[in-house]
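Q: Please read through the structure below; I'll follow up with questions.
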Amino acid sequence: MKLLHVIQSVNPKHGGPIEGIRQQARQHKQHGTLIEIISLDRVDDNFLGFPNTPVYPCKATLLDNLFPVSLLKWIKLNHSSYDAIIINGIWGFHLLASWLALRKSTTPYYIFSHGMLDPWFKKTYPLKHFKKWLVWPWAVYPAIRDAEALFFTCEQEKLLARESFWLYDCQEVVIDYGTEGIPDPEEDFSREFLDQHPQLDGKQIFLFLGRVHPKKGPDLLINSISLLQKEGNWNPAKMKVVIAGPADSQYARHLINISKKIGISDSIYWTGMITGNQKWGAFQAADVFILPSHQENFGISVAEALSCRLPVLISTKINIYSEIELDRAGLVELDDLHGTANLIRRWLALDQSQKSVIKRAARDCFEKRFHISKTTNAIDRNVLRALITKKLTHDSLD
């Protein structure tokens, strides 16, 4: 099979969706499925290199800055070369352009919502939601209505998506989303990480890894440390919260200033963005992973932590929390100050034998639920089903 992914940008700074496509391409190739990507990047952008995966940057003219005409024309001309097309994300003119190019074709297309229909955005940013309503009926709704399926990464994401817009009609399909995880769970990358950050050697590390964004609740984490320190449940000489994410944004600088004002800056360690072996080393050096997010349709970093046998402390707003609880691969609380502090209290109250049991459960949970092979197999099943249906329809008309 041959699949085309459509996405706004392949820039890795945009996080989860493009990394997911990259991993899926590698996994698909092992089973004979070829992946190609088209994006709204420029041909001279320096992040277009994908080993063995062609990328077609489609921002070619000044007009494309207003509407991606070049993308529309390219898909119209080339869609028949693919067995199916997968559109990633719904808030962008790449979706409308793709729908306009495909609506009269026989090429099946699918849409990955990537959490963009979560009602958290509606409640948190009502003005932005109103603006989205202005484009929803004519630019988004027709595209998801006509898609072969709207893909969700878990059952909870699917259920929540129904609450964002009353004009909603689509074929909902839950894909078993996943990630490759650590390249070799038996290899020790922790020394490589600790050599770069010797101040962390010998410390009990609570690892927060990801975008430093209000949605992910890093402010809850910082304020909970202040609360625990006042209670006597936090020892800054032995314990560190490691925030592994870009520290140069206005919001990150705000958090740094807050931690100084409330007197816990010696408990917070910023690494900046880390990737590759440094990232895996951070997971392995940590005692536990923590993410008190207010909204997370899946949480790639949660699955990556599990792949490293690292227990996770997460909020109930991470949509795979019920699977984590069921497999006893971590602890779960509400996404507020009390809940975040209680995650840490509960973890610190466990003895080493209890923590060891959760660590074993973490890896088992990853292998059973969140490996990338689950994703590619699910995509293949859905695409093949559509192709078989199309062939049977064509044969019956003949």
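Q: Please give, to one decimal in nm, the separation of the simple spin-label points placed at Tyr269 and Ser353, each 7 Å out from Cα toward the Cβ.
A: For the pair Tyr269/Ser353, the computed spacing is 3.0 nm.
Q: Just want to confirm a number: the relative contact order over the chain, from Cα pairs under 8 angstrom separated by 6+ residues, in percent. Mind dumping the intermediate values first?
A: Details: 708 pairs, mean separation 56.7, N = 398.
This gives 14 percent for the chain.
Q: Nearest 10 degrees is fine. How inclined is helix 218-231 to the longest principal axis of the chain, computing both from alpha carbons?
A: Computed tilt is about 20 degrees.
Q: Still on this structure, please answer the following. Can you work out ³J(HN,Hα) from phi for every residue in segment 130-142, in order, using Karplus 6.51 cos²θ - 1.76 cosθ + 1.60 and θ = phi - 60°, giving whole Hz and x for Gly and Pro?
A: Couplings: 4, 5, 5, 4, 5, 9, 3, x, 10, 10, 10, 3, x Hz.
Q: With label points built 7 Å along Cα→Cβ from the Cα atoms of Thr316 and Lys73, find their separation and express it in nm.
A: For Thr316 paired with Lys73, the spin-label model returns 5.3 nm.
Q: By how many nm would the segment from Val135 to Glu325 grow when fully extended, if each residue of separation counts as 0.36 nm and the alpha-carbon distance is taken off? Intermediate values should be presented prior to the final figure.
A: Values: separation 190, 0.36 × 190 = 68.40 nm, distance 3.81 nm.
Full extension of this stretch gives 64.6 nm more.
Q: How would you classify segment 161-293 from its alpha-carbon gyration tensor, with a ≥ b ≥ c the square roots of the eigenvalues: rounded for a/c under 1.5, else prolate if a/b is greater than b/c, otherwise oblate? Before the final figure, lay out each step's value.
A: Numbers: a/c = 2.22, a/b = 1.30, b/c = 1.70.
Oblate.
Q: Packing-wise, with mean Cβ within 10 Å as the measure, how do 215-226, 258-269 rank, highest first? Intermediate values should be presented prior to the final figure.
A: Details: 215-226: 22.7, 258-269: 16.2.
Ranking, from highest mean packing down: 215-226, 258-269.
Q: Put a dot 7 Å past each Cα toward the Cβ at Arg253 and Asp169; how far apart are the dots in nm?
A: Output for this residue pair reads 5.0 nm.
Q: Which of Gly276, Gly89, Gly178 moves the most in a Gaussian network model of the chain with Cα springs under 10 Å?
A: Gly276
Q: Tell me, what is the per residue accessible area of the chain in Å², probe radius 1.4 Å? Before the final figure, lay out the partial values.
A: Values: 18050 Å² over 398 residues.
Using a 1.4 Å probe on heavy atoms only, each residue of the chain averages 45 Å².
Q: Just reorder Tyr321, Tyr110 by solvent-accessible area, largest first, 1.4 Å probe, all chains present.
A: On the way: Tyr321 60, Tyr110 0 Å².
Result of the area sort, largest leading: Tyr321, Tyr110.
Q: Which order, highest average first, do 297-306, 235-244, 185-194 follow once you tally other Cβ atoms within 10 Å for each residue and take the mean per peptide?
A: On the way: 297-306: 26.8, 235-244: 18.2, 185-194: 15.4.
Result, highest mean first: 297-306, 235-244, 185-194.
Q: I need the peptides 344-351, 156-163 ranked by packing, meaning the mean over residues of other C-beta atoms within 10 angstrom, with the highest value on top. Display every interim value, and only then the final one.
A: Working: 344-351: 15.2, 156-163: 18.2.
Descending mean neighbour count gives 156-163, 344-351.
The values are calculated or read from the model by the stated rules, or taken from the named source; none is laboratory data. These numbers were taken from a predicted model, which means no experiment stands behind them. No Cβ is skipped: glycine too gets one built from the backbone with ideal geometry, and neighbour counts run over all protein chains shown. In case anyone asks, the SASA skips ligands and DNA or RNA and just uses the protein heavy atoms, side chains included. Shrake-Rupley method; radii C 1.70, N 1.55, O 1.52, S 1.80 Å.
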